[in-house]
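Enquirer: Have a look at the structure that comes next, please.
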Amino acid sequence: MIGTVLCYVLLPAARLLQALRDAFFTCRKNVLLAKSPSTQIEGVFAATRGRSVPEEQEALLQQWLEERVENLPTSESVSAVRKVSVTLTSDWLEGSELLMTSLSDLNTSPEVTRCADQQHSELNALASSELQDHAVAELARLPAEETVTVGGSAPWAAVVPETDHQTAGCAGISVEVLNDDPAVLAWSLACDAETVPPVLPAQPIQDAVPFYPVPTEVPYHEILWRDWEDLSVQPCVLEQVSKSTPLFEFRVMSYNILAQDLVEQGLDLYVHCHPDILNWNYRLPNLLQEIQHWDPDVLCLQEVQENHYWEQLEPTFKEMGFACFYKRRTGTKTDGCAVCYKHSRFQLISLSPIEYFRPGLDILNRDNVGLVLLLQPVLPEGLGLKAVSPLCVANTHVLFNPRRGDIKLAQVALLLAEIDKIARTTEGSYYPVILCGDLNSVPDSPLYKFIRNGELSYHGMPAWKVVSGQEDFSQQLYSRKLLAPLWPSSLGVTDRCQYVTLCQPKKLGRREYSRDFLLQFRFCDVACERPPQLVLLEGVTDAKPAREHSAVTAVPKRHNSLSFLGKQLLFVCRCSGVIQHGLNLTSVYSHFLPQRGRPEVTTMPMGLGATVDYIFYSAEPVENKAGECRRLYKDGALKLLGRLSLLSEDVLLMANGLPNPFCSSDHLCLLASFGLEISSL
């Protein structure tokens, strides 16, 4: 907030004029920032930050002097120039940086105008103050403890600033206006408090000025600043994107918006929050304005309460140009997942909601859900015979329970199987895939590595370790261990995360023969000879067919041995505890902030920062160096062009964690910009 300290000094006429110029420039700047869009002010103030505009200052100064001199006596108008008051202020609005990265959504703010008017009136009053001799005479009437001597000069009166919390620093902002910016709303809590903070008594310090501190607010919009990282200018991206290759660019947002029912059921998780900021009527405008500010083309939401979706969110999103789809959690849960896309940018090809609950299966007995959509980008008119690949978008919210990593793994496997079905082309490849969601797993956990590297050996692994980082249960004596197979074959999903009915068909030209037909050749010369490349397995492939035994009692024949070997190999593969997928997914975020030397976080449960929200996208794997187990990727047809930076735990702690007056969810939103290559037909 604005803290104003007033002190009387004598200045030469030149310094007087310069001080008035600077003061009026600040006032004028604040008024323009409140009333002008960013496109009109960026060119003016961005280029002149740190210096003044002489023409504008001179005009304002001349106008002010003409108005003030007319109201002053002749003797005072001449002598008043000798005396000014220096006002030290910290601008509430600095430059054009009010909310996140632009002021494109800033409406006219009467509060900022009032702030500028207050500064204007203060300067008028100070410039018309009395002469130095009269000020000294007035000073003699003050109590001794309210004077101070500065550096051998004459004593001057110390003006104590007002402490009214609704006027100090122009902080009187109403939260009843739902269209105000979230940054503006964040400053309004103190104004709506039922009690005014008491004025603290001055401490009796010798030779010091009595000072009553002005109530201050936390500058959330400064602390929670998030930069936009433009990745399209990086050399590795420039090499892959030719200037002649057009791209279909779009933005994707993933956001866990915190269902209100879950807030009320777990109030002990939000004891650090003021009750007002947990109210849905406060959180909803903030969430909608944040979404509208970043203007995504595809929006994936988690923890969307059903009645709020149908009554408030869907109607609002439709007015914003979105087509919306929602899937509520099964059972008694009242929240679910939603996927929205702008119908001007995409058309729906197919929609597949997923329910992870399977009756009778302990590994899938929870009520989490997901959505998988196949979208066709809509190219602008005038491109001629151009085409762009369809895009598969998936959204999910995986089980939270840190002890049941086996359930998380099975849920993700089901989701990947559904993506495999929706995104697979007729040639056996995949359309570009974007996977969003709250996976309740931290980076470099086994579950994360499975999604990113495409493979996980889980047999014998403690269930809690699959989500390593949420909680550590290594001290427990009898922790649950994952055993192979993780799910029964009746689920219809293979260990490659594909539906059995949709697996690759058998090679063309392959013929099938009946058992009776093959038994006719069991004693032929070829069947009795051991192939040199056959692996020797004792008791399996070391037997030789004998003609004197019947087909039933004979020692296993060669073809029977090979059949038995095939079954054994299938059983070993099924029970090896290894699951795989072939989608080649990598994360938008690096999960580390190199400039701060700290990990990124997307949520702060109980004051502890963690990353559990992700945006994965399709990429092309790069051949690893010897000894590296982490799969490397490069952009393919789907290119990552930019992303909204995340924050570290220490930064969120400065803002009192999540949620707070500025961020109305206990998660941060994720935002990324992509480009799909446009090809000629």
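Enquirer: What is the number of the single condition among (1) at pLDDT below 75; (2) touching a His at 6+ places or on another chain (Cβ under 9 Å); (3) open to solvent by 80 Å² or more (accessible area, probe 1.4 Å) that E471 does not meet?
Expert: Going through (1) at pLDDT below 75; (2) touching a His at 6+ places or on another chain (Cβ under 9 Å); (3) open to solvent by 80 Å² or more (accessible area, probe 1.4 Å) one by one, E471 breaks only (2).
Enquirer: A further question on this structure: Condition first: modelled with pLDDT under 95 and open to solvent by less than 20 Å² (accessible area, probe 1.4 Å). Now tell me which residues in segment 636-650 satisfy that.
Expert: Residue satisfying the conditions is G636 alone.
Here's the yes/no breakdown for (1) in contact with a helix residue (DSSP H, G or I) (Cβ under 8 Å, 6 or more places away or on another chain); (2) more than 19 Å from S441 (Cα to Cα); (3) β-branched (V, I, T):
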{"residue": "Q595", "(1), (2), (3)": "no, yes, no"}
{"residue": "P599", "(1), (2), (3)": "yes, no, no"}
{"residue": "T611", "(1), (2), (3)": "no, no, yes"}
{"residue": "Y617", "(1), (2), (3)": "no, no, no"}
{"residue": "N624", "(1), (2), (3)": "no, yes, no"}
{"residue": "G642", "(1), (2), (3)": "no, yes, no"}
{"residue": "D650", "(1), (2), (3)": "no, yes, no"}
{"residue": "L653", "(1), (2), (3)": "yes, yes, no"}
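Enquirer: Please tell me if C497 is touching a Cys at 6+ places or on another chain (Cβ under 6 Å), open to solvent by less than 90 Å² (accessible area, probe 1.4 Å) and modelled with pLDDT of 85 or more.
Expert: Numbers: touching a Cys at 6+ places or on another chain (Cβ under 6 Å): no; open to solvent by less than 90 Å² (accessible area, probe 1.4 Å): yes; modelled with pLDDT of 85 or more: yes.
Criteria not met by C497.
Enquirer: Please indicate, with yes or no, whether at least one residue in segment 417-432 is assigned to a strand (DSSP E or B) and open to solvent by 10 Å² or more (accessible area, probe 1.4 Å). It would help to see each step written out before you state the result.
Expert: So the first thing to find is which residues in segment 417-432 are assigned to a strand (DSSP E or B), and the list is 424, 430.
From the residues that got through so far, the ones that are open to solvent by 10 Å² or more (accessible area, probe 1.4 Å) too are 424, 430.
Within segment 417-432, one or more residues are assigned to a strand (DSSP E or B) and open to solvent by 10 Å² or more (accessible area, probe 1.4 Å).
Enquirer: Can you say whether E264 is loosely packed, with under 15 Cβ neighbours inside 10 Å and either among the β-branched types (V, I, T) or over 28 Å from I678 (Cβ atoms) (or both), as far as the supplied structure shows? Before you say what the answer is, go through the steps one by one.
Expert: Numbers: loosely packed, with under 15 Cβ neighbours inside 10 Å: yes; either among the β-branched types (V, I, T) or over 28 Å from I678 (Cβ atoms) (or both): yes.
Yes; evaluated as a whole, the condition is true for this residue.
Enquirer: Still on this model: Restricting to segment 350-389, name every residue that is touching a Leu at 6+ places or on another chain (Cβ under 8 Å), part of a loop (DSSP other than H, G, I, E, B) and open to solvent by 20 Å² or more (accessible area, probe 1.4 Å).
Expert: Of everything in segment 350-389, those that are touching a Leu at 6+ places or on another chain (Cβ under 8 Å), part of a loop (DSSP other than H, G, I, E, B) and open to solvent by 20 Å² or more (accessible area, probe 1.4 Å) turn out to be F357, R358, L361, R366, L385, S389.
Enquirer: Let me ask another. Taking segment 241-256, which residues are within 19 Å of L301 (Cβ to Cβ) and out of contact with any His (no Cβ under 8 Å at 6 or more places or on another chain)? It would help to see each step written out before you state the result.
Expert: First pass over segment 241-256, keeping only residues within 19 Å of L301 (Cβ to Cβ): 250-256.
Answer for segment 241-256, where residues must be within 19 Å of L301 (Cβ to Cβ) and out of contact with any His (no Cβ under 8 Å at 6 or more places or on another chain): F250, R251, V252, M253, S254.
The values are calculated or read from the model by the stated rules, or taken from the named source; none is laboratory data. These figures come from a predicted structure and were not determined experimentally. Cβ coordinates were reconstructed from backbone atoms using ideal geometry, including for glycine residues, and neighbour counts include every protein chain displayed. Just the protein is used for accessible areas: all its heavy atoms, side chains included, with ligands, DNA and RNA removed. Shrake-Rupley method; radii C 1.70, N 1.55, O 1.52, S 1.80 Å.
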